[in-house]
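Read the structure below first, then the notes.
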Amino acid sequence: MSLTNSLDRLVTPNAYPGGNVAIRWGQLIRASPILSDEEERLAKAETIIRFGGLGTIRGGIVTRANAYFIVREIPFDQIPTRMGVTRNDLKRIAVVADGLDHLTKIEREFLKPIIKGPESLESAFAIKRSDLRLFDVKGDKKALEKKHANGAIAYLRRGETVNYKTSDDDLKGGIPAKRSQVKNRKPFWYSLQGEQNPGVRIVFPEHIDRRYVFTLVDKDDKSAVIDKLFLFEPEDHAQLIHVALNSLYTWYQVELRGRSQMGEGVLELKIPDYAGLHILNPSEVNAKDRKEILQAFAELEKPGSAPSLAELGTAERHDFDLVYLKACGFKKPDAILLRLEQSLRALAGERSERRLSVADAKISRRKITNVAASIDAYVARIAASIEPHPDPRNFVEEAAKTEAVPIAAEVEGPIEVGVELFNQGEVIANGTTVARANSILAAQFVRGVLQVQPDLSQIEVPVADSIEKVITDWTRESRKWQKKFKAACDKGLVGLDDTRTRTAIEQRALRLLHAI
């Protein structure tokens, strides 16, 4: 069917049957008529076939509480002594940190390595390994008790009692076991949906930027694929299907079928989009063509690791795509290869240009008038969107021993801590020493308190046994706060290009939030 006839069907009522439509109108408009006609001919001859008919495509596991279910394994040399863990213990258990940086011990049989996000797909054959693990329990608590899996039981209780609030999004807080999208899971609230059985899998991303990558995962790899990635479980011919997915012909279809995501220049594809891809029919390929295709693909250097359009310029890539198109049965494969590359570059270029044009439009819609007179308004907007800078006193335990450090002068201007030989431990405000502590850490504590409450006459400072932990915890929270502040400024000052004005607003906001 020609492009014109296909377009005519769009305006004809009931031209398409109900259910999933294999070709959307946007795809019809952007597709090359010559390529579409060739594709229709090959599909009728069954030399190419829809990807979704060769196996099962499914989404990655959606935990609905990543801060709880996805934990980070701690290396042995970083495990605190208080955990009482030996190297022999690590054969059975692992020490992990959850999203709240809480350390706990969990049996290894309930921890799985994960493949998470497009950045995990290093190339068509390589997975980037990380220290992230998925907490995955299948049985009930009685079965865990029989196994003496005390670590897993304790962590399940934590998931039923602790509020995992790690995001500003109100929908992502609360106790995991009581969240609306978690508590009704069957048979248990901690039962993760979408069980993945070991076997050969092909993993690919939901969102695509500059790399069209399909990664082959070995059957012995027990990693769990997490949301924002899809996995394909082939019924047969896994190797040839994998090679076909990494061809220029497939890349062109991906670009054609994808949706440009929210003007950001990123493609989004769902399972039906991937299922509709046409690839070489593995059952129709003779032994000679199969060998040539696999050999040509093997000569590519790290396919899928670099931006895909840059990879098109190599001789090895040209030879592979030409062999693949011949095996598919395309007439004049050399001309088709050239047209595919031109069409792919045009579609990808259109996507990038659309992102840039939308960015300009967003800025141009913001009316900038008399910015200098509006500094206070900008400062108030930023300050209202973020909590004040952390107070170091919030990190002192109730039973901690303290000593009083008197404040000797009025605090005005920027506050600093003396670090030189003759002023170590001094707290200095605008050139005047306002307090003297017995260590640099204690002076940092005093400085942090004075930023929040500069009118104090004395400050209770933890003694040497606990001051180090307090400063460490406070510093960690301060770093997190600085990231949030930077994000709030980027959001609140869009369209404000004057560097000096931006700096003035940020400095005043920091002062208002007790950060300087």
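The values are calculated or read from the model by the stated rules, or taken from the named source; none is laboratory data. Just so we're clear, the structure is a prediction, and the values are computed from it rather than from any experiment. With ideal geometry, Cβ positions are generated from the backbone for all residues, glycine too; neighbour counts draw on all protein chains shown. The area values use the complete protein model at the heavy-atom level, side chains included, leaving out ligands, DNA and RNA. Shrake-Rupley method; radii C 1.70, N 1.55, O 1.52, S 1.80 Å.
Anisotropy class assigned to the stretch 129-286 is oblate, per the alpha carbon gyration tensor with a/c at or over the 1.5 cut-off and a/b no larger than b/c. Considering only Leu294, Leu269, Pro282, the residue lying farthest towards the positive end of the dipole of the stretch 269-335 is Pro282, judged by Cα position with unit charges set on Cβ.
Treating each Cα of the stretch 211-352 as one equal point scatterer and applying the Debye formula with no solvent, the log10 of I(q)/I(0) at q = 0.09, 0.12, 0.13, 0.21 Å⁻¹ comes out as -0.28, -0.50, -0.60, -1.54. Among 441-452, 116-127, the peptide with the highest mean count of other Cβ atoms within 10 Å heads the list, and the full ranking is 441-452, 116-127. Ranked by solvent-accessible area (1.4 Å probe, protein heavy atoms only, all chains present), the residues Val405, Val396 order from largest to smallest as Val396, Val405. Each Cα pair of the chain feeds into the Kirkwood radius, which the Stokes-Einstein equation turns, at 10 °C and 1.306 mPa s, into a diffusion coefficient of 57 µm²/s. Only aspartates and glutamates eight or more places from Lys142 in sequence, or on another chain, were considered; those with a Cα closer than 17 Å are Glu107, Glu109, Glu160. Taking every alpha-carbon pair in the stretch 85-215 and binning the separations at 10 Å intervals from zero gives 10, 32, 35, 21, 2, 0 percent. Considering the stretch 428-474 at the alpha-carbon level, its Rg and Dmax are found to be 10.6, 31 Å.
If you place +1 on the Cβ of every Lys and Arg and -1 on the Cβ of every Asp and Glu, how big does the dipole about the Cα centre of the chain come out, in debye to the nearest 20?
I would put it at about 1300 debye.
Summing -39500 (n - 2.57) over the DSSP H runs of n ≥ 4 in the chain and dividing by its residue number, what mean residue ellipticity at 222 nm do you reach, to the nearest 500 deg cm²/dmol?
Numbers: 17 runs with 198 residues, N = 516.
The helix contribution divided over the chain gives -12000 deg cm²/dmol.
Counting other Cβ atoms within 10 Å, keep those with at most 16, restrict to DSSP loop, and tell me which GluC sites (Glu not before Pro) in the stretch 300-348 are left. Loop-located and lightly packed - Glu301. Between Phe125 and Asp236, the simple spin-label model (points 7 angstrom out along Cα→Cβ) gives 2.5 nm. The accessible area of Ile74, taken with all protein chains in place and a 1.4 Å probe, comes to roughly 20 Å².
Taking every lysine pair in the stretch 155-249 that is 8 or more places apart or spans two chains, those with Cα atoms closer than 25 Å amount to 13.
At 24 angstrom or more along the helix axis (alpha-carbon based) and mean Kyte-Doolittle of -1.0 or higher, what helices does the chain contain? Whole DSSP H runs only. Mind dumping the intermediate values first?
Numbers: long enough: 333-364 (46 Å, -0.24); 464-492 (42 Å, -1.20).
Result, helices passing both filters: 333-364.
Among 40-46, 487-493, sorting by the average number of other beta carbon atoms lying within 10 angstrom of each residue, highest first, gives 487-493, 40-46.
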